[in-house]
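Here's the structure, in structure tokens; my notes come after.
The values are calculated or read from the model by the stated rules, or taken from the named source; none is laboratory data. This structure is a prediction, so every number in the text was calculated from the model and none was measured. Here the Cβ positions follow ideal geometry from the backbone for every residue, glycine too, while neighbour counts run over all protein chains shown. We work out accessible area using only protein heavy atoms, side chains counted, and drop any ligands, DNA or RNA first. Shrake-Rupley method; radii C 1.70, N 1.55, O 1.52, S 1.80 Å.
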Amino acid sequence: MLEDLNDLGDDDLVRRCRAGSEAAWSTLVRRYQRLVYTVPRRAGLSDEACADVFQTTFARLVEHLDRIDDAARVRAWLVTTAKRESLRLLEAARRVVDLAGPSDGADDEEGSPLERIPDPGPLPAALLDELQQHHRLRTAVDRLDPRSRQFVELVFLQDEPLPYAEVARRLGIAEGSIGPTRARVLAKLRALMERDA
């Protein structure tokens, strides 16, 4: 049985990653995958470019894992690396546009394509709060017991909402117990999030 590492802090995960733990690496990637992917998405990059930024960011983390001084700040390191990689791709795209020749002059009046992207600088406080809240929620879901986690995934995380009859069938419970189960699971999630706040 695989060890559950979701309760470990970033510094402990990084220490285990340095020692070669694949489980710690998987936990670290899962913990920050959405946050890292959000950075190039905000910069307006395509799905393919976002995937490239994601892959490059975690590849660089592997390369620099032994050189990160404060392992507890791995989150900030990942965000900074994803921003730099996103800007690098935007600069490369701008050079391609510049090589294509002069346009109708709109760039001269409105600035470069890099300047027109949605705020490549620090995240606005509201968006950063939203991202951090989303991260806390994802972390809390990961820390739930397997049955509660499965309940959350079936009830809240489906692209198309499942009928309660289907949820009950998959969980092997009575359809009438979904409401009380939902209340219990949400209380557990709330407690986990308050603990991490």
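Yes or no: segment 42-56 includes at least one residue that is assigned to a helix (DSSP H, G or I), touching a residue at least 60 places away in the same chain (Cβ under 8 Å) and under 21 Å from Arg143 (Cβ atoms).
Within segment 42-56 (the criterion being assigned to a helix (DSSP H, G or I), touching a residue at least 60 places away in the same chain (Cβ under 8 Å) and under 21 Å from Arg143 (Cβ atoms)), the answer is no, since none of the residues qualifies.
Under the condition of being of a type in the set (S, T, N, Q) and surrounded by fewer than 15 Cβ atoms within 10 Å (Cβ to Cβ), which residue from segment 34-59 is modelled with the highest pLDDT?
Selected residue: Gln55.
For the condition assigned to a helix (DSSP H, G or I), free of Cβ contacts under 8 Å to residues at least 24 places away in the same chain and among the hydrophobic types (A, V, I, L, M, F, W, C), what is the one hit in Ala140, Ala165?
The conditions single out Ala165.
Filter segment 60-84 for residues that are open to solvent by 50 Å² or more (accessible area, probe 1.4 Å), closer than 16 Å to Thr27 by Cα and under 14 Å from the mean Cα position of the chain (by Cα) and give the result.
Arg75, the sole residue that qualifies.
Keeping to segment 16-28, report how many residues are in contact (Cβ under 8 Å) with a residue 12 or more places away in the chain and exposed (fewer than 15 other Cβ atoms within 10 Å of the Cβ).
Matching residues across segment 16-28 total 2.
Return yes or no: is Ala168 open to solvent by 40 Å² or more (accessible area, probe 1.4 Å) and either more than 22 Å from Val29 (Cβ to Cβ) or over 27 Å from the mean Cα position of the chain (by Cα) (or both)?
Considered against the rule, which asks whether it is open to solvent by 40 Å² or more (accessible area, probe 1.4 Å) and either more than 22 Å from Val29 (Cβ to Cβ) or over 27 Å from the mean Cα position of the chain (by Cα) (or both), Ala168 comes out as no.
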